[in-house]
Structure formats: C-alpha cells, structure tokens
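The values are calculated or read from the model by the stated rules, or taken from the named source; none is laboratory data. Because the structure is predicted, anything quoted here is derived from the model rather than measured. FYI the Cβ positions are ideal-geometry reconstructions off the backbone, even for glycines, and counts take in every protein chain you see.
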Amino acid sequence: MPRDLQPLPAAPPSHDLASDMVASVLADIESRLGEQQGWDLPPRLFMLRLRPPRVEVEFIPEVVWNPVGINPADALRHHAEALPPVPSLLVPGEVHEDSVFAVGFMFEGWNKPKNVQLPPELRMLRDSGERVNHLLPGRQEVRIVHAVDLNQRAFHIVRARGGQPRLSVAGREGAPELEGTIPVALGRFVHALNSGPGQQTEHPASRAQM
C-alpha cells in the first residue's frame with residue numbers, strides 16, 4: 001500500500017525550491033528506506049513523480065532492469081545505451097503535476113579510504129576496467145544514493161556504515177563533479193521520460209508517497 005511521507009526541509013536550504021525538494025526527498029529515502037531498514041539490501045531504481053502536495057516514489061522491480069543479475073551499474077548502462085544522449089544544450093524544464101522529475105538509484109558498495117594507494121596489481125586491474133575497491137583490506141562499506149533531475153542536475157548521498165549521510169548537489173559549494181556510469185544512465189532515463197514518445201512508457205512499480 002502507498003505510504004505518505006512529507007518531504008523534509010532541505011538542509012541547508014537554497015533559493016532553488018525544485019532542487020531543495022529533490023534533496024529532501026532523497027534524504028528521506030536514504031533514511032527511512034535505507035538506514036532504518038538496515039544493510040545488505042538489494043539495489044533500488046526509482047522515479048520521483050509530483051503528486052501535490054507530496055512526491056510519489058515509484059520503485060522499478062529489479063527483474064525489469066536487471067533480469068539476468070549482472071553488476072547493477074552495468075545493467076543500468078545497458079539500458080541507457082539504448083536511449084539517445086542528453087543534448088549538450090538543454091532547455092531548462094519545470095516540474096509539473098504527474099511528471100517524473102527525477103530518477104534515482106540507491107545501492108550499497110565499497111569505498112576506497114582516503115589517502116590509500118592501490119597496490120600495483122590492483123592498479124593494473126582498475127586500469128583494465130575491473131572494479132577493485134572490494135579487494136582493498138581497509139575498504140569502507142557505504143550506502144549511496146544517486147539521482148538526476150529533469151534539468152540534469154546531479155544529487156549524491158553517501159553514508160558509511162555506522163556513520164552519518166553526506167549530501168551533495170551539483171552546482172552548490174563543495175559539491176564534487178559526479179561522473180561515471182550511474183549518473184550518466186540516470187540522466188538519460190529522466191531525459192527520455194520527459195521528451196519524445198518514451199515519456200508515456202509505463203513499468204510495473206511499487207509506489208510510496210513521500
């Protein structure tokens with residue numbers, strides 16, 4: 001059954017109400033559907049849809065986007081490659097009722113501790129395209145939430161196991177440049193949902209009201 005969860009105030013708030021709304025909903029998802037449910041959970045792909053005065057979160061079943069159980073990032077890339085790239089010059093859009101205004105992905109993984117150098121053998125593996133963080137002796141378990149909104153603004157939450165979440169929003173002070181497979185894929189998904197014939201595509205999804 002749908003659950004009603006009111007978006008929390010963004011912290012720190014900005015003058016961009018749409019950005020604050022996405023940030024607050026993502027923080028609530030990470031807290032209530034991530035941290036409070038514990039660790040060792042499967043990855044979750046979701047869409048944010050505006051249903052005033054709330055935001056509806058639609059989770060796409062993993063069997064839809066990763067039916068053969070490959071690495072989740074590779075599964076997202078596979079689907080994204082079938083979609084047109086996002087134009088370099090994008091006309092800013094507004095959030096409308098019933099529209100999908102962001103696509104997100106919550107998952108668990110391993111971070112390389114700061115100031116830790118990769119051994120030569122792991123560096124060779126990484127340079128060949130292999131993932132190596134899980135092989136490090138001092139690896140750090142983290143939960144990560146990536147999201148991209150309809151204007152291709154990237155959001156990022158990371159929480160180390162036993163720690164506090166850190167939120168970054170592209171364009172704000174101190175926010176890192178987010179690159180890589182997952183943000184690029186999410187950007188293509190949300191762009192396709194808001195342009196062209198693909199915007200009406202429906203997937204079976206479980207819904208929660210935020």
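Here's the yes/no breakdown for (1) surrounded by fewer than 19 Cβ atoms within 10 Å (Cβ to Cβ); (2) under 21 Å from PRO183 (Cα atoms):
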| site | (1), (2) |
| --- | --- |
| ALA23 | no, yes |
| LEU33 | no, yes |
| GLN36 | yes, no |
| PHE46 | no, yes |
| ARG49 | no, yes |
| PRO72 | no, yes |
| LEU83 | yes, yes |
| VAL95 | no, yes |
Checklist entry - Taking region 32-62 as the search range and keeping residues that are of a type in the set (Lys, Arg) and touching a Leu at 6+ places or on another chain (Cβ under 8 Å), which one is farthest from SER99 (Cα to Cα)? => result ARG32
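Yes or no, residue by residue, for (1) at pLDDT below 70; (2) part of a loop (DSSP other than H, G, I, E, B); (3) exposed (fewer than 12 other Cβ atoms within 10 Å of the Cβ); (4) not hydroxyl-bearing (Ser, Thr, Tyr):
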| residue | (1), (2), (3), (4) |
| --- | --- |
| VAL63 | no, no, yes, yes |
| LEU76 | no, no, no, yes |
| HIS79 | no, no, no, yes |
| ASP98 | no, yes, yes, yes |
| MET106 | no, no, no, yes |
| GLU130 | yes, yes, yes, yes |
| PRO137 | yes, yes, yes, yes |
| GLU141 | no, no, no, yes |
Checklist entry - When you go through LEU178, LEU122 one by one, which is the residue that is modelled with pLDDT under 65 and over 24 Å from PHE101 (Cα atoms)? => result LEU122
Checklist outcome for this item: Taking region 149-175 and the residues there that are basic (Lys, Arg) and either buried (at least 17 other Cβ atoms within 10 Å of the Cβ) or at pLDDT below 70 (or both), the one that is farthest from the chain's Cα centre (by Cα) would be ARG172
Item to check | Every residue from region 17-55 that is out of contact with any strand residue (DSSP E or B) (no Cβ under 8 Å at 6 or more places or on another chain), modelled with pLDDT under 90 and farther than 19 Å from HIS146 by Cβ | outcome: LEU17, PRO52, PRO53
Checklist entry - Is it true that PRO13 is modelled with pLDDT under 95, surrounded by fewer than 12 Cβ atoms within 10 Å (Cβ to Cβ) and closer than 25 Å to ALA170 by Cα? => result no
